[in-house]
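**Q** What follows is a structure written as structure tokens; I'll ask about it next.
The values are calculated or read from the model by the stated rules, or taken from the named source; none is laboratory data. Not measured: the values here are computed from a predicted model. Note that we place each Cβ from the backbone using ideal geometry, even for glycine, and neighbour counts take in every protein chain shown.
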Amino acid sequence: MRLRLVRLKTRQEFLAVAGARRKFTTPGLMLQAMARPEGTEQDLRVGFTASRKVGNAVTRNRAKRRLRALAAEMLPVRARGGTDYVMVCRQDTAERPFADLRRDLEQALGRLKLLRSTAP
């Protein structure tokens, strides 16, 4: 079952996820997560952020584009629904091979116990 991705847009939503203090950091990204009690299992919300430490605007935008592509590919299939996720870019995100980013996200989901099995 594929879940529907909804974007986090407001600062308040990002701060709520950060306030939950559930995060795991890998070389390619940091994943923050917060369960939503009122959320349905059919959708998950995701937001993306990159600080100036990542690089100039071109580098930050490239890193966020790569994380958006990664989220669209993996989260609907592998992540648990009814959860808010924030994917934070790191300095290596823009240059890291996409296969390594994929492994980083899978590892982060597993460590946070938010990984769904792929079996139907």
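**Q** Mind listing just one residue for me: the one in segment 36-71 that is within 20 Å of Val17 (Cα to Cα) and hydrophobic (A, V, I, L, M, F, W, C) and, of those, modelled with the lowest pLDDT?
**A** Leu44
**Q** Also, I was wondering about something else. From the residues in segment 102-120 that are in a loop (DSSP other than H, G, I, E, B) and in contact with a strand residue (DSSP E or B) (Cβ under 7 Å, 6 or more places away or on another chain), which one is surrounded by the most Cβ atoms within 10 Å (Cβ to Cβ)?
**A** Leu114
**Q** Next up: Hey, could you check segment 72-101 for residues that are part of a helix (DSSP H, G or I) and either of a type in the set (Val, Ile, Thr) or at pLDDT below 95 (or both) and say which is surrounded by the most Cβ atoms within 10 Å (Cβ to Cβ)?
**A** Among those residues, the one meeting the criterion is Leu75.
**Q** Sticking with this one: Can we say Ala57 is in contact (Cβ under 8 Å) with a residue 60 or more places away in the chain and closer than 20 Å to Phe14 by Cβ?
**A** So Ala57 fails the test.
**Q** Moving on to the next point. Give segment 96-118 a look and list any residue that's under 14 Å from Gln32 (Cα atoms) and either of a type in the set (Lys, Arg) or in contact with a helix residue (DSSP H, G or I) (Cβ under 8 Å, 6 or more places away or on another chain) (or both), or say none.
**A** Answer for segment 96-118, where residues must be under 14 Å from Gln32 (Cα atoms) and either of a type in the set (Lys, Arg) or in contact with a helix residue (DSSP H, G or I) (Cβ under 8 Å, 6 or more places away or on another chain) (or both): Leu105, Glu106, Leu109, Arg111, Lys113, Leu115.
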